[in-house]
Amino acid sequence: MLPPADGHMAIARTKEKLWATFCERAGRPDLLARYPRMADRMAARDALAGELEGLTRTRTNGAWVALLAEAVPCAPVRTVPEALASGDAEAQGVAVAYDPPTPGRVRTLGSPIRTAGSRPLAVRGPTLGEHARQVLRELAGLDDAEIDGHAQDGVIGVGPPLAAG
């Protein structure tokens, strides 16, 4: 990731052809001359990273995307609110919504991991201590009296008692 003037972005520049095109379009043929091969760039990684950060800060995300156009793959890195507001999250099926135990619907990004034809689950995470009793019963073999005793002593935090089942 690189920091343009207005956020962060990803610019593909690991292949020699992409690196050469990036340097040419960025107006920095000197970088290509000094670091023509990946091995050269890796050997001078810290120094080059500083130069690239300084260079990318001279333009906005939009300006970099326009400059590199279809020659070098690049894209802004969005924050979660930006990604949710973009419409892309909905179109790709990665935005999920769920109802937590507290009032108000929550909308966020789902898992990027998919299998063919699957959609992300809209499942909320547990609240603090929500499944503690169940886990302590099933995995630690404790009964409700033992769990309550540990909770009263401040050893554990548990949610409300769950129905036995």
>> Please count how many residues of segment 94-136 are surrounded by 10 or more Cβ atoms within 10 Å (Cβ to Cβ), assigned to a loop (DSSP other than H, G, I, E, B) and under 16 Å from the mean Cα position of the chain (by Cα).
In response: 5
>> Given the condition within 24 Å of the chain's Cα centre (by Cα), surrounded by 13 or more Cβ atoms within 10 Å (Cβ to Cβ) and at positive phi, answer yes or no: does some residue in segment 43-65 qualify?
In response: no
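Okay, residues lined up against (1) aliphatic (A, V, I, L, M); (2) part of a helix (DSSP H, G or I); (3) without any contact (Cβ under 8 Å) to a residue 40 or more places away in the chain:
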position: 5; (1), (2), (3): yes, no, no
position: 10; (1), (2), (3): yes, no, no
position: 14; (1), (2), (3): no, no, yes
position: 19; (1), (2), (3): no, yes, yes
position: 22; (1), (2), (3): no, yes, no
position: 27; (1), (2), (3): no, no, yes
position: 32; (1), (2), (3): yes, yes, yes
position: 41; (1), (2), (3): no, yes, yes
>> Can you tell me which condition residue 66 does not meet? The list is (1) closer than 30 Å to residue 30 by Cα; (2) in contact with an Asp or Glu (Cβ under 9 Å, 6 or more places away or on another chain), and all the others hold.
In response: (2)
> If a residue has to be in a helix (DSSP H, G or I), of a type in the set (Asp, Glu) and over 16 Å from residue 5 (Cβ atoms) to count, how many in segment 53-81 make the cut?
Replying inline: 0
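FYI, it's all coordinate maths here, none of it is from the lab. Predicted, not measured: the structure shown is a model, and the values here were computed from it. Cβ atoms come from the backbone with ideal geometry, glycine included; neighbour counts cover every protein chain shown.
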